[in-house]
Ligand code: IDC
């Protein structure tokens with residue numbers, strides 16, 4: 001995709017410290033008028049003809065606030081805020097206000113939050129706003145005249161993304177070099193020649209727990225020894241994941257996308273929601289996250305977006321509503337990236353909650369280039385699940401974004417007979433898959449023996465568990481991708 005784009009970044013910093021020196025015996029005032037205030041704002045816009053996506057990072061340089069309103073003015077009358085995320089927007093003329101939503105209203109001193117919106121513009125250019133206020137305090141530096149505004153972000157405010165790599169795209173016989181930009185055609189995943197393909201690969205474990213398992217040596221082994229087509233990047237949202245540090249987790253995901261790209265593998269970005277099972281709980285986080293990763297990786301041809309790992313305890317209609325709000329954010333930034341939507345009952349097409357695929361077949365997501373996730377654990381899910389996947393795959397584009405050779409707990413012994421039946425089925429139907437997990441956790445589903453990630457050897461079979469051996473044998477079977 002070649003979106004004409006221009007990126008602008010402005011940093012505006014200021015402090016309006018209500019300086020009051022109080023003696024030790026003075027009663028401390030409790031009114032807000034006495035609070036120190038100040039703010040720094042970075043505004044980044046990716047623009048194309050008539051449209052743009054803006055990301056705004058707000059840093060509170062004053063005392064903690066509970067509830068905030070950001071104000072700014074568009075320089076051009078033709079600029080309009082459209083769909084926003086992580087804030088509630090109002091526009092009157094050229095003036096815009098953005099108010100916090102429930103989860104980001106409390107900003108500690110030094111704390112920051114990122115919000116964003118998709119907008120439109122009609123003038124000769126799309127200039128960025130140059131002045132911002134936070135709860136009425138101007139963020140322009142006017143109250144600190146002796147200190148010129150910094151021209152680079154202070155260390156406490158890292159930019160929301162790392163810059164795209166300058167490494168040239170891979171050439172030769174890697175999966176990405178052969179297949180290029182993928183798209184959904186009918187119920188299939190098709191390559192740049194419009195021919196159905198199957199991608200076979202591995203999923204990371206939670207990035208918050210096993211960061212040391214994803215390094216140059218392990219990813220080299222995945223690409224060249226396992227001959228994997230795909231790396232699924234499992235970014236938990238809860239359980240000490242994304243919600244604890246959105247900037248750090250976003251950067252970590254983007255770095256792993258680059259690592260997969262350098263090795264010619266597809267990168268499947270997994271927004272790993274699990275508990276709570278209602279994806280709407282994370283809607284604003286999803287919009288913020290996907291706006292960022294889609295804009296950052298828009299020019300790549302190997303990125304696939306998985307927007308909700310395993311919805312559970314919610315209706316298909318709720319999942320569909322979520323998807324129809326997140327997909328436009330991705331498409332505004334990366335128009336041709338495939339999006340995979342989780343299904344009811346831990347991505348079982350509803351089967352694990354007593355349903356079946358009919359609810360999706362009769363009421364599909366209203367967007368193009370979309371696939372549906374199916375997950376299974378071979379020791380827990382057998383014939384009835386296989387039958388439903390096969391039935392669904394005749395009507396819907398299916399992608400097994402996660403499965404285990406063991407029980408649904410992620411632990412226990414490998415069920416070789418059931419795992420073989422499953423992988424044979426996926427091969428026959430050309431259903432792409434990622435196996436849980438490329439990690440050394442002491443549990444049956446992990447591919448590596450415990451302690452492997454403390455060393456430097458990942459290739460070969462000496463470091464593998466029974467599950468790892470099984471999966472390596474299946475994944476490294478030659479791909480036979482069509483080339484015309
Ligand atoms: C499991 C991990 C386990 C971890 C747990 C935390 O294997 O080490 O303690 O998550 O929530 C899924 C989920 C996936 C689970 C996996 C196994 O997508 O996060 O991983 N599983 O239980 N769905 C079905 C099974």
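Before moving on, here are some points about what is shown:
- Cα-based equivalent ellipsoid, the range 195-278: semi-axes from gyration tensor eigenvalues, Å: 23, 15, 11
- Global form of the chain, assessed from the alpha-carbon gyration tensor, a/c cut-off 1.5: prolate
- One decimal place: the segment residue 212-residue 193 gains 3.1 nm when fully extended, by the rule 0.36 nm per residue minus the C-alpha distance.
- The helix-only estimate of mean residue ellipticity at 222 nm for the chain, built from DSSP H runs of length n ≥ 4 each weighted as -39500 (n - 2.57), is -6000 deg cm²/dmol after division by the residue total.
- Restricting attention to the chain, close to 65% of DSSP beta bridges with both partner residues there are antiparallel.
- Using alpha-carbon coordinates, inclination of helix 283-296 to the longest axis of the chain, degrees: 80
- C-alpha long axis of helix 246-262 to longest principal axis of the chain, angle in °: 40
- Put in order of Cβ neighbour count within 10 Å, fewest first, the listed residues 440, 383, 63 become 383, 63, 440.
- Our estimate of slack between residue 177 and residue 63, defined as 0.36 nm per intervening residue step minus the Cα-Cα distance, is 35.9 nm.
- Rounded to whole Å, sorted largest first: equivalent-ellipsoid semi-axes of the range 346-428, Cα gyration tensor: 23, 13, 11
- Taking 0.36 nm per residue of sequence separation and removing the Cα-Cα distance, the residue 101/residue 428 pair yields an extension gain of 113.0 nm.
- Placing R0 at 22 angstrom, the Cβ-Cβ distance between residue 383 and residue 275 gives a FRET efficiency of 0.20 after rounding to 0.05.
- Label-to-label distance, residue 449 versus residue 363, with points set 7 angstrom from Cα along the beta-carbon direction: 5.1 nm.
- Rounded, prolate or oblate (a/c below 1.5 giving rounded, otherwise prolate when a/b exceeds b/c) for the range 275-331 by Cα gyration tensor: prolate
- Rounded, prolate or oblate (a/c below 1.5 giving rounded, otherwise prolate when a/b exceeds b/c) for the range 198-239 by Cα gyration tensor: oblate
- Cβ-Cβ FRET estimate between residue 459 and residue 255, R0 fixed at 22 Å, reported to 0.05: 0.50
- Rounded to 10°, Cα long-axis angle of helix 466-475 versus longest principal axis of the chain: 90
- By average C-beta atoms within 10 angstrom, highest first, the peptides 323-334, 469-480, 441-452: 323-334, 441-452, 469-480
All of the numbers you see were taken from the coordinates with simple rules; none came from a lab. Here the structure is a predicted model, which is why all the values come from computation and not from measurement. Glycine gets a Cβ as well: all are built from the backbone with ideal geometry, and neighbour counts include every protein chain shown.
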